[in-house]
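Working notes for the structure below.
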Amino acid sequence: MNETAINPTSRRSQYAVGLLWVGLALVVGVPGARAQTQSAEDVPQIEPRYKQVFASDTVDIWFPRVSPDGRWIVYSSWERSTTNGIFIVSVDGGEPIQLTSGSWDIGPDWFPTSDRIAFHSSAVHGVMTLAIDPETGAGAGPAQRVTLGPALASPLVSPDGQWITYRNWAVEGTEMGMTLKVIPAQGGQERTIIRLTGKPQTEYWSRDSKSIYVRWRGPENPSSSVKLYRVSIEDGALEEVEEAPLGNSRPIVPYRIAGESSAAETGDPPFVIETLDGRQVARVSLPRNTKRRYGYGLRFAPDGRNVVAVVSNNVAPLRILPVAGGEGRQLGDARAKDSPIGWTPDGERVIYQTQLDGRVATMAAPVEGGASEEYTIVSDLHAGKYYDPVVVSEDGRYLAYNTPTPDSELSTLVIARASDGQTREIARSVYELRWFGIAGPGGPPVIGDEFLYRQRNGDRVELRAASFDGPSRLLRSFPADIGMRRKIGVFEDRVAWVERLGESAAVMLAESPDGEPRRLAVVAALFDDLVWSPDGRWIAASAYPKGDDMAFKIMLIAMTEDGEVASQPRFIDSQIGVGWAIRWLPDSRALTLFAQTRPEWNTDVWLVPVREGEQPVAITRDESFDFWEYQLSPDGRYIAYPGEIPRGSSLWLVDLGAAMASSGN
């Protein structure tokens, strides 16, 4: 197995959720610097022909894939309250046929013969294959299990039909990572190709079936950038793709399609077709509300001329739910996706973002009902996401976010004053501002009116805190090769972090930027959160202890008032499959976290008491809504989240015409 060995000669120039078991929180990377500096006037506009294949007012479609012979489309239906499984429909339309019925059967991929698919199955928590009659589209016999161990979606079948690649959680070291594996398509011995830190996304096989293309935050990349790498299945050699690959080493379709950043927040076209190295080939308008995530709701057909697209009609109105128990309530109407980003300090209003008159509006909604009002107007404020968030300070006076740096693939950290929308640039360099992974007391990446972020400085990564007024201050400095990936929690002048210690993890603590580090605990586990309680008496972590298939647990370390360890780490079991985004209640007696709950893998917020003997409970278990984010009120009384209301979706084929055929596909 190759441990992240990069070929230095391959570069001319020079890193859901949270963990989502299917990788839905994985972020598709921004285009490279060459693509960003390309003028829109230089990129031709394609006028495509549209065909609606199928529409439903109840089904939410994911992972559409056109068969190599162009006759069929398979897709996944996956929602909390709808019929789940793998379905197939003719490209000429008609009634879809249900092929499987597992609650987490997702991510289908075709064999080159168009008579078999591979998919991830909840029945075995691994990869299965299913024969399909190419004339009728019906399943031809029972599904066959391929993998013996666990696997993550989505599997990919090689162009020669001999191999299937898939990902699994890594168990080496202390950083949360994944292993890329291959297995013979007919079953057999699996083989690990490479282990990569973070959450790499596999997207393509090469034409010759000798390598796999992976989008990944590499060890030398800025945290806001995802780049493309080619991995040899023979020896795991990893090579960064600087130019579009040619010949048999390139994928069947050498393009991908993504929403332009300028249009992404309004839901309007155009989209951009680009080569694998980020060069823009064409711009195209797709139906409004097209799912923008490539691979999940948007994908090239194997012919390179057609694109299969999913148009979603779902909305996600703002909802609140009492933490202590009770029914959830909707605030406002159901016409868009309302994303909560914070609360006013008194806990009486939720601050959220929504679409308003073709722009992103930041609003405040009263908990007790009544009219929402615009909280602030900042011209370049975007919609908050896990890896690209908008964060509200504890006093509610400021917001922090990032914005593209001109002529660069890096980003600029900006703090805005809510009262008048005035902004101040903090850093025009590699930095990271996240909702989890960097935590102040209680959980959010804030300390009062300061925002926590990571910044690259030469061969070091600095953890810093910045306010609207005055210079930023250094909290701790780490080596650059691992500083971007460490899970960090801050309480007053104490910084806790996780670092590798052989095959285990050491939870470390230092007081002041130059304080001598000391070890709090050694645990054989991986971590995705490290959060101090508001009173500084606990450190909580989202933990995956090694062994037992890395089943999720909440880890607690009791601390004394002067920062010493009071007892050995304690692990709390639950039905959580994957969890992240820890938020402590203000009395430090319990915490909340976002999770996917086994066995159905529904999304939930859990309440976890600290006192031994008290059991965790999924406080959203009675909700019929799916959601992927939440915010805890400062008084600990409510959580706010966008409750998705399924209104169906439609499946489209978009013919891009001869323009793509003539461009070298």
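The values are calculated or read from the model by the stated rules, or taken from the named source; none is laboratory data. What you see is a predicted model; the values in this text were computed from it and never measured. Counting neighbours? That spans all protein chains shown, and the Cβs are built from the backbone with ideal geometry, glycine included. SASA here: full protein model, heavy atoms, side chains in, ligands and nucleic acids out. Shrake-Rupley method; radii C 1.70, N 1.55, O 1.52, S 1.80 Å.
Using 0.36 nm per residue of separation minus the Cα-Cα distance, give me the extension gain between R460 and S567 in nm, one decimal. Residue separation times 0.36 nm, minus the Cα-Cα distance, leaves 35.2 nm.
In debye to the nearest 20, how big a dipole does region 365-461 give about its Cα centre with +1 on each Lys and Arg Cβ and -1 on each Asp and Glu Cβ?
Computed about the Cα centre, the dipole is about 360 debye.
Annotation: M128 carries an accessible surface of approximately 20 Å², with a 1.4 Å probe and no ligand, DNA or RNA atoms counted. Provide the percentage of antiparallel DSSP beta bridges, counting only those with both residues in the chain; round to the nearest 5. Approximately 95 percent, going by the DSSP bridge assignments.
Each distinct pair of alpha carbons in the chain adds a 1/r term; the inverse of their mean, the Kirkwood radius, is 25.4 Å. Of all beta bridges that DSSP places with both ends in region 378-524, some 95 percent have antiparallel geometry. Using the charge dipole of region 314-399 (Lys, Arg: +1 at Cβ; Asp, Glu: -1 at Cβ; taken about the Cα centre), state which of V367, G342, L318 has its Cα farthest towards the positive end. The residue sitting farthest along the positive end of the dipole is L318.
In this structure the amide hydrogen of L318, modeled in the peptide plane, comes within under 5 Å of the amide hydrogens of L331, D338, none closer than 5 places in sequence on its chain. With the Kirkwood sum run over all distinct C-alpha pairs, region 360-516 has a hydrodynamic radius of 16.6 Å. Excluding Q575 itself, what net charge comes from residues whose Cβ is under 13 Å from its Cβ, given Lys and Arg +1 and Asp and Glu -1? That sum, taken over residues with Cβ under 13 Å, equals 0. Per-residue ellipticity at 222 nm, computed for the chain from helices alone with -39500 (n - 2.57) per DSSP H run of at least four residues, works out to -500 deg cm²/dmol.
Roughly speaking, to the nearest percent, how much of the chain's 1.4 Å accessible area is carbon and sulfur?
Details: 11630 of 24680 Å².
Whole-percent figure for carbon plus sulfur exposure: 47.
Placing unit charges on the Cβ atoms of the charged side chains and taking the dipole of the chain about its Cα centre, the candidate lying farthest along the positive direction among P471, A540, V89 is V89.
When each of the peptides 614-627, 433-446 is scored by how many other beta carbons lie within 10 Å of its residues on average, the order from highest to lowest is 433-446, 614-627. Restricting attention to the chain, lysine pairs at least eight places apart or on different chains and with alpha-carbon atoms under 23 angstrom apart total 22. Seen through its C-alpha gyration tensor, with square-root eigenvalues sorted a ≥ b ≥ c, region 72-144 comes out oblate because a/c lies at 1.5 or above while a/b is not bigger than b/c.
Once you divide the Cα radius of gyration of region 498-553 by 2.2 N^0.38 Å, the number left is 1.23. With viscosity 1.567 mPa s and temperature 4 °C, the Kirkwood radius over alpha carbon pairs of region 270-312 converts through Stokes-Einstein to a diffusion coefficient of 118 µm²/s. The residues of the chain present an accessible area of 37 Å² per residue when probed at 1.4 Å with all protein chains retained. The protection proxy used here, the mean number of other Cβ atoms lying within 10 Å of each residue, ranks peptides 389-396, 135-142 as follows, highest first: 389-396, 135-142. Here is the tail figure for region 538-665: Cα pairs spaced more than 23 Å apart come to 46 percent of all pairs.
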